1. Restricting to the range 234-275, what's the tally of residues that are out of contact with any Gly (no Cβ under 7 Å at 6 or more places or on another chain), assigned to a loop (DSSP other than H, G, I, E, B) and open to solvent by 10 Å² or more (accessible area, probe 1.4 Å)?
2. Looking at R136, R107, can you tell me which residue is open to solvent by 40 Å² or more (accessible area, probe 1.4 Å), under 28 Å from A54 (Cα atoms) and within 13 Å of the ligand (Cβ to nearest atom)?
3. Determine, yes or no, whether D192 is of a type in the set (D, E, K, R) and without any contact (Cβ under 8 Å) to a residue 60 or more places away in the chain.
4. Tally up the residues in the range 145-189 that are crowded, with 24+ Cβ neighbours inside 10 Å and assigned to a loop (DSSP other than H, G, I, E, B), please.
5. Which of the strands (runs of 3 or more DSSP E) contained wholly in the range 332-421 include at least 2 residues that are hydroxyl-bearing (S, T, Y)?
6. Would you check if L211 is in contact with a Phe, Trp or Tyr (Cβ under 7 Å, 6 or more places away or on another chain) and more than 22 Å from R132 (Cβ to Cβ)?
7. Quick check on L440: is it closer than 28 Å to K127 by Cβ and at pLDDT 95 or above?
8. Please determine, by comparing only the residues of the range 190-210 that are more than 13 Å from the ligand (Cβ to nearest atom) and not in a strand (DSSP E or B), which one is nearest to the chain's Cα centre (by Cα).
Amino acid sequence: MSSIGKDQPIRTLSERGRLLGHVCVPGDKSISHRALLFGAISEGITTIKGLLPAEDPISTANCLRAMGVKISPISKEEIITVHGVGLNGLKEPIDILNCGNSGTTMRLMLGLLVGQTNQHFVLTGDKSLCQRPMKRVGQPLKIMGGQVSGRCEGNYAPLSVEGKNLRGAVIGTPVASAQIKSAILLAALTADGPTTVIEPAQSRDHSERMLKAFGANLKVGGEMGRHITVTPGAILKGQSITVPGDISSAAFWLVAGSIIPGSEITIENVGLNPTRTGILEILQQMGADLDLLNTKDIAGEPVGDICVRYKQNLNAFNLTDEIMPRLIDEVPILSVAACFCNGTSKITGASELRIKETDRLAVMARQLSAMGAKIDEHSDGLTIQGKEPLHGCHLDSETDHRVAMSLAIASIMANGPSTMSRSDASAVSYPDFWNDLKRLQKK
Ligand code: S3P
């Protein structure tokens, strides 16, 4: 259950001070959700090393437990075990499934549940999640015979699902969204024939990689892996999964190390799946000083360490719709980076940001403007004038984990102290963020 919005003390942020040392970011959030979900519907035991012990994956685990899946307690350092119940073994829950703050939990769960015949499910979430659009998943699932209803013609939670017999289909998705794609792939596992998802651009492909590893009959084709076909019938078998560190969490240190004078940070064991590494390309465009070390493949995902050093005179950058799916969650911290580059950075094609945990374009524009940044907000992006001096002030995460962590980095570069409301939102994806920051920051 999300703790965001509960009374939280206002945090005093530590101004100035370079960041030095090594950090091991927590497990990838997308891979953690999928390891739990796919483990649950497999036969046999799945073990997960490095699972992200944060609020979002815990929401996924709790929903699965409510449907009879045995999952060991989730804590740091523990190897998690999931006792799979098979594709048709989920039990109808006796209560509402609470997805907390997690869009991935709710959207992937819809795909999983629509094909559980003769069972009824109700899903809800926190205030933010109940305002996020769900029809983008319900609609394609309807083409397969799925039945999802909810407020505003099925667009908003609480949602209700009536499990049905599904038919295979060819479905083109209007946006490149791994959550929509993954929901359809999950539903496809129980359909009566093959299902093909066609994306307008490739979104993160963790589901494809992991479903194949669990034994699903899944084929990736088309230009840039945009056509994915699942043929039902294969039995999924429990696996041993190792979750790499989350590049979306590493992003805060990558930007901090680049913009804070005197910094040098090595981030260990970061997932480098090419569908997620857009941030590295943008940092290169900026002229940042980065080294990739110890690159290897672990359990079907490329990983490596990244060493980042402070670099003077970073260049402004352009983010367009083409790269957006590969750095969608890094736009808040990149908007902070833009404040410290020479010249004007432009972010376009980012309207999806408006329907994340918060409207991230509006929230970042509002919060960074309060510090004195020169930002123009557009319907699909931001224009940010670099090198305007920022001053400390009172900040607010507005309940968004990635906003909290992005603003923490901005505040280090501001003149004068800052404070932050609802800073513990970071626990959604990075429970140790504030401890890691304290440890890395040298006065
Ligand atoms: C995710 C996909 C992305 C991303 C989210 C996690 C996933 O969302 O923003 O944080 O795990 O599939 P969209 O599918 O809406 O782009």
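The values are calculated or read from the model by the stated rules, or taken from the named source; none is laboratory data. Keep in mind that this is a model prediction, so the values were computed, not measured. Counting neighbours? That spans all protein chains shown, and the Cβs are built from the backbone with ideal geometry, glycine included. With ligands, DNA and RNA removed, areas are computed over all heavy atoms of the protein, side chains included. Shrake-Rupley method; radii C 1.70, N 1.55, O 1.52, S 1.80 Å.
1. Residues in the range 234-275 being out of contact with any Gly (no Cβ under 7 Å at 6 or more places or on another chain), assigned to a loop (DSSP other than H, G, I, E, B) and open to solvent by 10 Å² or more (accessible area, probe 1.4 Å): 4 in total.
2. R136
3. Yes: the conditions hold for D192.
4. 2
5. Answer list for the range 332-421: 344-347, 418-421.
6. yes
7. Here the answer is no, as L440 does not meet what is asked.
8. T190
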